[in-house]
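A quick write-up on the structure given underneath.
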Amino acid sequence: MTENSPGDHSGAFDNQRVERDQLPLPDYDHLPLASLIQRIRSLDAEGLRLLLTYETSHGNRLPIVDALQTRHAELAEGMNPSSGSPDALAPERSGPPPNPRTIDPTRSSPTINPPSHGDPTNPAQPR
């Protein structure tokens, strides 16, 4: 196999070092596999090459490497990158709550009824 062959699992791109800030996908390391597969559809061959180089030199996770190599092979066979942005809305990242919860210190807490079998702190009642 050639050095950049998509079917090579031996770290074909290890001769080049890619840093995290060079990656075309923001927060790449934290994307679930399903989200990653959808996001790499909009990348060109160079973007996939950067991700594959980074992955093989860092995590080298087989499902991720397989997905990247499969997409790389599809592009090599003539498929075009899909439209859209790889850093579009990410449903796996939720935003902050709409309104922060506030506690009013001027209100007293509700009264707590003692258990039906009596108050456990009262020594005169059986337990």
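The values are calculated or read from the model by the stated rules, or taken from the named source; none is laboratory data. In this text the structure is predicted, and so the values were computed from the model without any measurement. Cβ atoms come from the backbone with ideal geometry, glycine included; neighbour counts cover every protein chain shown.
Provide a single number: the residues in region 58-87 that are touching a Ser or Thr at 6+ places or on another chain (Cβ under 7 Å) and surrounded by 14 or more Cβ atoms within 10 Å (Cβ to Cβ).
3
How do the pairs read when you match residues in region 27-54 that are over 14 Å from residue 66 (Cα atoms) with residues anywhere that are part of a helix (DSSP H, G or I) and small (Gly, Ala, Ser), using Cβ under 7 Å and keeping only pairs 6 or more apart or on different chains?
none
When you go through 31, 62 one by one, which is the residue that is of a type in the set (A, V, I, L, M) and either modelled with pLDDT under 90 or in contact with a strand residue (DSSP E or B) (Cβ under 7 Å, 6 or more places away or on another chain) (or both)? It would help to see each step written out before you state the result.
Numbers: 62 fails: either modelled with pLDDT under 90 or in contact with a strand residue (DSSP E or B) (Cβ under 7 Å, 6 or more places away or on another chain) (or both).
Exactly one residue qualifies, and that residue is 31.
Take region 52-70 and flag every residue that is within 22 Å of residue 21 (Cα to Cα) and out of contact with any Phe, Trp or Tyr (no Cβ under 7 Å at 6 or more places or on another chain).
Result: 54, 55, 57, 58, 59, 60, 61, 64, 65, 67, 68, 69.
Considering every residue within region 1-10, establish whether at least one is β-branched (Val, Ile, Thr), more than 22 Å from residue 80 (Cβ to Cβ) and modelled with pLDDT under 85.
yes
Quick check on region 96-116. Is at least one of its residues among the charged types (D, E, K, R) and modelled with pLDDT under 70?
No - not one qualifying residue is present in region 96-116.
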